[in-house]
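The values are calculated or read from the model by the stated rules, or taken from the named source; none is laboratory data. What you see is a predicted model, and the numbers here were worked out from it, not measured in a lab. Cβ placement follows ideal geometry from the backbone for every residue including glycine, while neighbour counts extend to all protein chains displayed. Note: accessible area is taken over every heavy atom of the protein model, side chains too, but ligands, DNA and RNA are not part of it. Shrake-Rupley method; radii C 1.70, N 1.55, O 1.52, S 1.80 Å.
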Amino acid sequence: MNKIDHIGIAVKNLETSIPIFEKLLNTACYKTEEVASENVLTAFFKTGESKIELVASTNADGVIAKYIDKKGEGMHHIAFDVTDIQAEMNRLVAEGFTLLNDTPKKGADNKLVCFLHPKGTNGVLIELCQNIHHPDAHVL
Ligand code: ZN
């Protein structure tokens, strides 16, 4: 794993939360993007090398809506940048971790992503993400 790419924060709605994080980080949100396959809207902020991703649900029974119903708004996941997501997934499965998706899927911000089951990682939801056009990446 190369570095933390971003920290994901579950929020009820972006309209309310974007201005809060713009004020907090003293920088403008640089991108909002819908990931229709996941029923989420995302908003990204850059702070130095790191990014913050706000994630809001687009429907009442999406995974983020269910998460907020159960745990409230707040820290949702930590995403690590990887060079070759398939190789990293294979390594983690060999180490005994459980993946939430068997093949990389298209996430926000031009990434291929895979999540690990938080039961195997002390309750922390981990996301692996690889830039789709990483020069050293497998062609999928
Ligand atoms: Zn994320």
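With a simple spin-label model that places each label point 7 Å from the Cα along the Cα-to-Cβ direction, the separation between Thr121 and Thr103 comes to 2.2 nm.
For the chain, report the accessible area per residue in Å² (1.4 Å probe, heavy atoms, rounded to an integer).
56
Inter-label distance, Ala94 to Glu49: 2.7 nm, where each label sits 7 Å from its Cα along the C-beta direction. Which part of the stretch 41-64 falls in the paramagnetic zone of Thr16, meaning amide N under 19 Å from the point 7 Å along Cα-to-beta-carbon? The answer is 41-44, 53-64.
The portion of the accessible surface of the chain made up by carbon and sulfur, rounded to a whole percent, is 53 (1.4 Å probe; DNA, RNA and ligands excluded). Straight-line cross-link partners of Lys71 among the lysines, defined as a Cα under 20 Å from its Cα and at least 8 positions apart when in the same chain: Lys12, Lys119. Computed from the C-beta positions of Asp84 and Lys31, the FRET efficiency with R₀ = 30 Å rounds to 0.75. A helix-only calculation puts the chain at -6500 deg cm²/dmol for mean residue ellipticity at 222 nm, using -39500 (n - 2.57) for each DSSP H run of at least four residues, averaged over all residues.
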